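The values are calculated or read from the model by the stated rules, or taken from the named source; none is laboratory data. Just so it is clear, the structure is predicted and the values come from calculations on it, not from any experiment. Each accessible area value is taken on the protein alone, full model and side chains, heavy atoms only, with ligands, DNA and RNA left out. Shrake-Rupley method; radii C 1.70, N 1.55, O 1.52, S 1.80 Å.
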Amino acid sequence: MKNFRYLISIIILACFGLSNVAVAKAPACPSQNFNVFIKRFSQNTEIQKQFTKTPLRWVEYYDEQYNPKPKVSYLALDALSFPVLLNEQEQKDNGITVTTKRKNKRQYVVSTGTLHSGAYTYELTFRKNKRCWYLTQVINAST
């Protein structure tokens, strides 16, 4: 009976020309080790796009009226500007320091900033699901 169902499925797919339909594969995780993952994430905007969970929670603490209450948005991938994390050379060129803090075994926060100014002040939260790390939130406190 199984062979008969399989044969019928093949015939139906062939009749409708669906046998060559490509199945989209999930991208391979750059690394299960967060320190390796974040290095690869910062070096490649395509990796950043693939491993950003959308809608991305975007929190802004700075606005023109100096309102202390943060503005929270949920952004689709096409509403984001990439890179969200500059590569090592760009960080060095702009005087950006990067620190990584482990919150628990499934969550890290990467903080960026510059000395003596509020430029590039971000907190990026990464959470691990079953297969990889994903950027889930950005807090923008840049001035």
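Roll a 1.4 Å probe over the protein heavy atoms and report the accessible area of Thr97 in Å², nearest 10.
Number for this one is 80 Å².
Distance check, please: which entries in Lys71/Lys128; Lys53/Lys101; Lys71/Lys92; Lys53/Lys105 exceed 28 angstrom between their Cα atoms? Could you put the intermediate results ahead of the total?
Working: Lys71/Lys128 25 Å; Lys53/Lys101 20 Å; Lys71/Lys92 30 Å; Lys53/Lys105 18 Å.
Violating the 28 Å Cα-Cα cut-off are Lys71/Lys92.
With θ set to phi - 60°, apply the Karplus curve 6.51 cos²θ - 1.76 cosθ + 1.60 along segment 52-57 and write out the HN-Hα couplings as whole Hz, x wherever there is a Gly or Pro.
Result, rounded to whole Hz: 10, 6, 10, x, 7, 6.
Tell me, what is the Rg over Rh of segment 97-143, with Rh the Kirkwood radius over Cα pairs? Walk me through the numbers before you get to the answer.
Details: Rg = 11.8 Å, Rh = 11.2 Å.
Over the Cα atoms of segment 97-143, Rg/Rh equals 1.05.
Restricted to Cα positions, what overall size does segment 43-143 have along the principal axes? Three whole-Å values, descending.
Largest first, segment 43-143 extends 40, 30, 28 Å along its Cα principal axes.
Could you give the Stokes-Einstein D for segment 25-95 in µm² per second, using the C-alpha Kirkwood radius, 4 °C, 1.567 mPa s?
92
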